[in-house]
1. Mind sorting A:VAL103, B:VAL141, B:VAL33 by how few other Cβ atoms lie within 10 Å of their own Cβ, fewest first?
2. What FRET efficiency comes out for A:LEU102 versus B:ALA65 if R0 is 51 angstrom and r is the Cβ-Cβ distance? Round to the nearest 0.05.
3. Could you give the dipole magnitude of the range A:80-147 about its Cα centre, charging the beta-carbon of Lys and Arg +1 and that of Asp and Glu -1, in debye to the nearest 20?
4. State the antiparallel share, in %, of DSSP beta bridges confined to chain A, rounding to the nearest 5.
5. So, with +1 on the Cβ of K and R and -1 on the Cβ of D and E, and no other charges, what is the size of the charge dipole of the protein assembly as shown about its Cα centre, to the nearest 20 debye?
6. Give the residues of the range A:1-40 whose amide nitrogen is closer than 17 Å to a point set 7 Å from the Cα of A:GLU70 in the direction of its Cβ.
7. Only loop residues by DSSP count here, and only those with at most 15 other Cβ atoms within 10 Å; note down the trypsin sites (Lys or Arg not before Pro) in the range B:107-188 that meet that.
8. Exposure proxy check: B:GLU31, B:GLU106, A:GLU123, B:GLU12 ranked by fewest other beta carbons within 10 Å?
Amino acid sequence: MTAEQVWAALEEIPDPEIPVVSLVELGVIRSVDVHDGHVHVEFTPTFLGCPALEFMKRAIEEKVPEAEVEVVTDDSWSTDKITPAGREKLRTAGFAPPAPRLVQIRSQVHRCPYCGSTDTTLENLFGPTPCRSLRYCNGCRQPFEQFKTI
Amino acid sequence: MNELLLGLADDELVIGWRDSEWTGIAPMLEEDVAFSSIAQNEIGHARAVYELLADDADALAFDRAPEEYRCAPLVELHLLDWAHTIARRWLYEVADEIRIAALRDELPVAAKIDREEPYHRLHAEMWHERLKDEPRFREAVRELWPYALGVLDPGQRAALAARVGLDEVDAVERGAHDASFAALHDEMTMVRRSAPAGAQW
């Protein structure tokens, strides 16, 4: 198996909580290393308390049985690791994608994923999973979920 | 270092447990969600730090006798009213920020924890802003202040006092447990004790 094949296989694993994006698009696959028939996958959780952590690890092991999966809990993941394709998929599914960190620090603008309006208000910093906040769009009068920028 | 990390992990586990007690009974639905989510994060932080200290995080988290836990009494208190609960959340987040900032350069997982914490701090600050002039809240902060100091090593307490705007007093130190901890420990370890070793979930 080549590294490219491993990446392609991992592209097919959906995020268990937001299945419109794959683990690769979510940016949680930190590295794939293949040598001498040995496959080593480094995987970082989004949030440390993510209950899907074990589930994702098992999904990788099932998809690439020869892989040895290492969970890395350093600070290498941020929402900036979500790929452009992943962001667009989140948006079309009704999740406002996280703004890049540098942008979010300088502005408090949050855009509605449905109508694009920036006239939105915070309903709750916390939502159904650790990575989401709840907002309301005053433009199209629609509540929506905002992927937190971290 | 291990003693410090065990204290940190025990703090996060126990405050996560205490915060989760508001799930379903918080004064408003948003806070049910917020406290549940914060509790989940804190317990996740505890797990990540336990994993640094032991091969089996669950064994370290749940197989110790009550007197072996290193958590600060602040996180153990069984608080049944909102003013005290918010006072603790706010004091704990300020103290935890000072502690994590001191660790983040040498400990990768501390940097990861620090990345998640701004949302807890925002939540605590929003509530602090809302309640800071309420007499009941100010009284709760004063009451919990000696406990909050006990979260940090003595060398970090001046920074906490400056942030909170109160004078340093004698701290309620780690080591002794609050009377309510025995019942909490019993509840927290119940599932683990009732399942045979090696049970799969």
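1. Details: A:VAL103 11, B:VAL141 23, B:VAL33 19.
By the 10 Å Cβ count, ascending, the order reads A:VAL103, B:VAL33, B:VAL141.
2. Working: r = 48 Å, r/R0 = 0.95.
Plugging the Cβ-Cβ distance into 1/(1 + (r/R0)^6) gives 0.60.
3. Values: 10 positive and 5 negative charges, 32 e Å.
For this selection, approximately 160 debye.
4. Working: 17 of 24 bridges.
Within chain A, antiparallel bridges account for around 70 percent of the total.
5. Working: 36 positive and 63 negative charges, 284 e Å.
Value, rounded to 20: 1360 debye.
6. A:3, A:28-40
7. Here the sparse-neighbourhood loop sites are B:LYS132.
8. Working: B:GLU31 21, B:GLU106 9, A:GLU123 16, B:GLU12 28.
Listing B:GLU31, B:GLU106, A:GLU123, B:GLU12 from fewest to most nearby Cβ atoms yields B:GLU106, A:GLU123, B:GLU31, B:GLU12.
Where a number appears in this text, it was derived from the coordinates with a stated rule and is not lab data. What you see is a predicted model, and the numbers here were worked out from it, not measured in a lab. Don't worry about glycine lacking a Cβ; one is built from the backbone with ideal geometry, like all the others, and counts go over all protein chains shown.
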